[in-house]
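Okay, structure first, notes after.
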Amino acid sequence: MKYTSQEVKQFVEEEDVKFIRLAFSDIFGKSKNISIMPTELDRAFSEGIAIDAWAVAGFENFSTSDIFLHPDPGTLAILPWRPEHGRVEAAREGYTFQFGTEQEFYLFRNDSEGESTRIPYDNAGYMDVGPADRGENIRREICMTLEEMGIYPESSHHEEGRGQNEIDFRYCEALKSADDAMTFRNVVYAIADRNGAGADFSPKPMQDQPGNGMHINFSVKAGDSETGLEPVIAGILAHISDMTLFLNPLQESYRRLGTLMAPGYISWSRENRSTLIRVPAAFGKYERGELRSPDTMANPYLAFGLLIYAGLEGLRQGLVPPPAVNINLFRAD
């Protein structure tokens with residue numbers, strides 16, 4: 001839902017909102033926030049709220065560390081676990097990019113002090129069911145909470161690793177998809193903690209288990225018509241080496257790539273899950289590409305922006321991808 005600043009102020013007054021959280025992310029995609037009182041909302045919209053960002057990754061400049069946070073009224077959402085009281089370049093060229101993320105995370109048991117351990121929340125495997133899958137109720141609560149906030153997951157299931165889970169999201173335009181991805185992580189942390197578990201989005205929480213990926217599904221339209229994916233794929237493949245710095249920003253990210261179902265080669269194919277980009281079995285408006293290398297520490301705003309620029313280059317220049325790879329790269333020499 002798109003709100004105006006006036007509607008947000010009216011909502012805050014009518015619902016007796018006591019605190020407003022201005023959320024943003026650092027260059028690594030880690031959520032940050034500052035809470036303001038309703039009396040500061042007018043100033044936030046008109047002038048911005050100044051913060052000293054010298055200690056925020058990506059803004060470490062002692063001489064010019066002050067930045068202003070300006071609320072985006074279109075991202076208004078109630079945090080249900082709190083007490084109840086108290087994109088321009090592509091559009092200019094006639095293209096619309098849409099993204100949907102598949103985010104993986106581990107759940108670990110909390111100790112008697114409420115601190116997260118390294119003991120997996122369960123020992124279930126890929127798409128197992130209860131009672132082996134102890135995370136099912138937590139995933140259900142996460143999905144229901146997201147729906148209350150106007151964010152709509154498509155599916156959820158247990159992943160391959162012990163205690164590992166995945167929740168997938170519907171396609172939407174780039175900025176909303178990035179906003180939803182950041183909100184999702186905060187919801188997972190809160191709901192997991194409320195259920196006596198610790199959530200971990202890091203790329204490789206356990207060395208002998210699969211890492212956490214953030215697969216990015218993408219599609220593009222020219223006006224009301226679907227475009228072919230191959231020029232977009234070609235553009236992404238042409239720039240993927242440089243983009244990897246942003247899609248996989250931590251040293252730990254590289255202990256995930258090339259191991260246990262995470263891609264290790266610049267490649268693409270249809271349906272082949274061992275390639276970097278695959279085109280899942282789907283037709284017409286449901287056809288999409290899936291980039292499988294990013295991990296859940298990537299900043300989704302940067303990731304989607306880079307993919308748009310690379311995809312646009314492929315479309316402008318009519319790039320053709322290399323031949324599809326139809327072998328199992330996980331077992332290739």
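The values are calculated or read from the model by the stated rules, or taken from the named source; none is laboratory data. A quick note: this is a predicted structure, and the numbers were derived from the prediction, not measured. Because the Cβ atoms are built from the backbone with ideal geometry, glycine has one as well, and the counts that use them run over all protein chains shown. Calculation scope for accessible area: heavy atoms of the full protein, side chains included, ligands and nucleic acids excluded. Shrake-Rupley method; radii C 1.70, N 1.55, O 1.52, S 1.80 Å.
Can D122 be described as modelled with pLDDT of 80 or more and assigned to a loop (DSSP other than H, G, I, E, B)? It would help to see each step written out before you state the result.
Numbers: modelled with pLDDT of 80 or more: yes; assigned to a loop (DSSP other than H, G, I, E, B): yes.
When the stated conditions are applied, D122 passes them.
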| query | So which residues in region 7-37 are more than 21 Å from the chain's Cα centre (by Cα) and either in a helix (DSSP H, G or I) or acidic (D, E) (or both), if there are any at all? | reply | E7, V8, K9, Q10, F11, V12, E13, E14, E15, D16
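So which residues in region 278-333 are in a loop (DSSP other than H, G, I, E, B) and under 24 Å from the mean Cα position of the chain (by Cα)? Steps first, please.
As a first pass, look at region 278-333 and keep what is in a loop (DSSP other than H, G, I, E, B): 280-283, 287-288, 292-294, 296-299, 318-333.
If the condition is that a residue be in a loop (DSSP other than H, G, I, E, B) and under 24 Å from the mean Cα position of the chain (by Cα), then P280, A281, A282, E287, R288, R292, S293, P294, T296, M297, A298, N299 are the ones that fit.
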| Flag for A303 being touching a His at 6+ places or on another chain (Cβ under 6 Å) and either open to solvent by 20 Å² or more (accessible area, probe 1.4 Å) or of a type in the set (A, V, I, L, M) (or both) | no
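Checking the structure you have, find out if any residue of region 177-188 is basic (K, R) and either in a strand (DSSP E or B) or touching a helix residue (DSSP H, G or I) at 6+ places or on another chain (Cβ under 9 Å) (or both). Before the answer, list the steps.
Taking region 177-188 and keeping what is basic (K, R), we get 185.
Subset that is either in a strand (DSSP E or B) or touching a helix residue (DSSP H, G or I) at 6+ places or on another chain (Cβ under 9 Å) (or both): none.
No: zero hits.
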| request: Test each condition in (1) surrounded by fewer than 16 Cβ atoms within 10 Å (Cβ to Cβ); (2) in contact with a Phe, Trp or Tyr (Cβ under 7 Å, 6 or more places away or on another chain) for G318 and report the one that comes out false. | output: (2)
| said: Suppose we keep only residues that are assigned to a loop (DSSP other than H, G, I, E, B) and closer than 17 Å to A192 by Cβ within region 152-176. Which one would you say is most open to solvent (accessible area, probe 1.4 Å)? | reply: R162
| task | Give just the number: which of (1) modelled with pLDDT under 95; (2) open to solvent by less than 20 Å² (accessible area, probe 1.4 Å); (3) touching an Asp or Glu at 6+ places or on another chain (Cβ under 9 Å) does N248 not satisfy? | result | (1)
| request: Test I233 against the criterion of being touching a Cys at 6+ places or on another chain (Cβ under 9 Å) and crowded, with 19+ Cβ neighbours inside 10 Å, and give yes or no. | output: no
| said: So if I check each of R118, R139, which one is over 30 Å from G311 (Cα atoms), open to solvent by less than 50 Å² (accessible area, probe 1.4 Å), out of contact with any Lys or Arg (no Cβ under 8 Å at 6 or more places or on another chain) and not hydrophobic (A, V, I, L, M, F, W, C)? | reply: R139
